[in-house]
Amino acid sequence: MNRDYFIYTYIWLDGYTPEPNLRGKDKIIKGEKTLKELPMWAFDGSSTRQAKGHFSDCLLRPVKIIPDPARKRTFLVFCEVLNPDGTPHLSNTRVLLAKQDNKNNWFGLEQEYVFIKNGRPFGFPLEKNKFPKPQGEYYCGVGAENIAGRDIMEKHTELCLQAGIPLSGTNAEVLLGQWEFQLFGQHGAVDTADFLWLTRYLLIRTAESYGISVSFHPKPLTRGDWNGSGLHTNFSTSKMRQGGKTGGKELLAKIYKTFKKNHKLHVTHYGSDNHLRLTGKHETQSIHRFSTGVSDRGASIRIPLSTDKDQKGYLEDRRPAANGDPYKILLVVSRSLKEAKAW
Ligand code: ADP
Ligand code: MN
Ligand code: MN
Ligand code: MN
C-alpha cells in the first residue's frame, strides 16, 4: 500500500434549477494538504448544466475541508464553482452571501428530510394504496410501529460529529420516515451554509449505502394529512443576544417590521414548491401572510419564550423549505437584519 497518497473528494453544486444537486469526484494527491495548499480543479460543466459542450470546463475552488470519517485517508473538500476566467459562475450563490456576512451572526438550521424507499416514505407499506396509521405518534417516537430509518440517522450523526460538523441535535419528525437534524453555526452565514451542504452530502451518501434516498421536497405527500419538510432558520446577531438599549425591545420590533415588509422577497429565496407546504396547516403560516407570534408554530416567525421574556436572544424563521439553498436563505435574512440595523 502506498501511504504517501490521500483522497480528496471535491464536492460542488451543479447548475440544475430551481434547486442544485450535490456532485463530487475524487482527486488523489501525494501528501496531506491544508485548504490553502489544495489545488484548484476542473470538471465537465456540460454534464452538470453549467457549460456548453464546446467550451465545457468549469473550475473548482476549495473553500472548506473536513475529514471523511467513513473512509480512510480521505477528506471532503467543499468547492465553489468558477468560470474558466476565474470569475464566479452564475450558479455560485455563495459569493453573494460572502459579501453580506458577519462572523458574529449565528444561525441554527433545522433540516427536515424524508427517507424514501421505492418512491414512498420509508416505513410506508409497499402497496401504493395502503397507508400507515395517521400522524400523531411518530414525532420523537420509539418502537418499530413509529420509527423508520433510525440506524441511518444515527450513522449520519456519528459521521458528522467525527468530521467536526457542529450538529446540536436530531429528532424523529411528525411524518413516518421523516427526520430532522439541527446545525448550529456560530461563525457567520457562509460557514454555516457550507456546513449545511456538507451535512446534506454526508446524509445522502450514508442513506445511499442502505439503498435509501433522501427527499428534501417541502411536501413529499400532497394528498392526505401529512406534514411537509422545512428548514427552520434560527438567527441571532450580537446586538440581539446582548439586548438592552441597542438590542432590546425596539430592535426586535424593527426586525419584525423589516421582515414583514420583505416577506414576498424572502419567500422567493426560501426554496421551490414551498407554497405546497406553507398552507396555514401542519404548523405553518400561509405563504400569503406574514405573522410573528410568541411560541406560535403557526406563525411565519416564532418568538421563542425566552426571547420574549428577556427581550433579547434569537428568532425562528419557520418559512424556509427543506430544499432551500442556504446561501440564498441566509442572504435575504442577513440583508433584512442589516436593513433593521441588527448588525
Ligand atoms: P424547535 O424544533 O423547537 O423549533 P430546535 O431545538 O429543533 O427547535 O432548533 C432550535 C435551533 O436554534 C437549534 O439549531 C439551536 O442551535 C438554534 N439556536 C439556539 N440558540 C440560538 C441563537 N442564539 N442564535 C441562533 N440559533 C440558535
Ligand atoms: Mn426542531
Ligand atoms: Mn422540525
Ligand atoms: Mn423549529
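The values are calculated or read from the model by the stated rules, or taken from the named source; none is laboratory data. On a predicted model such as this, the values are computed, not experimentally measured, just so you know. Counting neighbours? That spans all protein chains shown, and the Cβs are built from the backbone with ideal geometry, glycine included. Quick note on the areas: whole protein, heavy atoms, side chains included, nothing else; ligands and nucleic acids left out. Shrake-Rupley method; radii C 1.70, N 1.55, O 1.52, S 1.80 Å.
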Residue satisfying all of: in the range 67-77; of a type in the set (D, E, K, R) and either over 30 Å from Tyr210 (Cβ atoms) or touching a residue at least 40 places away in the same chain (Cβ under 8 Å) (or both); surrounded by the most Cβ atoms within 10 Å (Cβ to Cβ) among these: Asp68
Would you please name the residue that is least open to solvent (accessible area, probe 1.4 Å), looking only at residues in the range 168-187 that are away from ligand 3 (no atom under 14 Å from the Cβ) and part of a strand (DSSP E or B)? Gly185
Given (1) at negative phi; (2) within 16 Å of ligand 4 (Cβ to nearest atom), number of the condition Cys140 does not satisfy: (1)
Could you list, ordered by first residue, the pairs with Cβ atoms under 6 Å in which the first is in the range 78-95 and among the β-branched types (Val, Ile, Thr) and the second is open to solvent by less than 30 Å² (accessible area, probe 1.4 Å), at least 6 apart or interchain? Val81/Trp12; Val81/Cys58; Val81/His89; Val81/Asn92; Thr93/Asp325; Thr93/Tyr327
Check the range 113-131 and report whether any residue there is within 27 Å of Cys160 (Cα to Cα), open to solvent by less than 60 Å² (accessible area, probe 1.4 Å), touching a residue at least 24 places away in the same chain (Cβ under 8 Å) and among the small types (Gly, Ala, Ser). yes
Just give me the residues in the range 38-68 being in a strand (DSSP E or B) and among the β-branched types (Val, Ile, Thr), in sequence order. Val63, Ile65, Ile66
Subset of the range 323-341 (residues that are surrounded by fewer than 24 Cβ atoms within 10 Å (Cβ to Cβ), more than 15 Å from the chain's Cα centre (by Cα) and not hydrophobic (A, V, I, L, M, F, W, C)): Arg335, Ser336, Lys338, Glu339, Lys341
If a residue must be away from ligand 1 (no atom under 13 Å from the Cβ) and within 15 Å of His232 (Cα to Cα), how many such residues does the range 299-318 contain? 1
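A quick yes/no check of all residues on (1) within 16 Å of ligand 4 (Cβ to nearest atom); (2) over 25 Å from Ser215 (Cα atoms):
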residue	(1), (2)
Lys254	no, yes
Lys257	no, yes
Val267	no, no
His275	no, no
Ser286	no, no
Arg297	yes, no
Ser300	yes, no
Arg318	yes, no
Given the residues Leu126, Leu109, Leu96, which is the only one that is modelled with pLDDT under 95, in contact with a strand residue (DSSP E or B) (Cβ under 9 Å, 6 or more places away or on another chain) and not polar (S, T, N, Q)? Leu126
So which residues in the range 204-216 are open to solvent by less than 60 Å² (accessible area, probe 1.4 Å) and part of a loop (DSSP other than H, G, I, E, B), if there are any at all? Gly211, Ile212, Phe216
Is it fair to say Gly136 is small (Gly, Ala, Ser), at pLDDT 95 or above, touching a strand residue (DSSP E or B) at 6+ places or on another chain (Cβ under 9 Å) and within 16 Å of ligand 3 (Cβ to nearest atom)? no
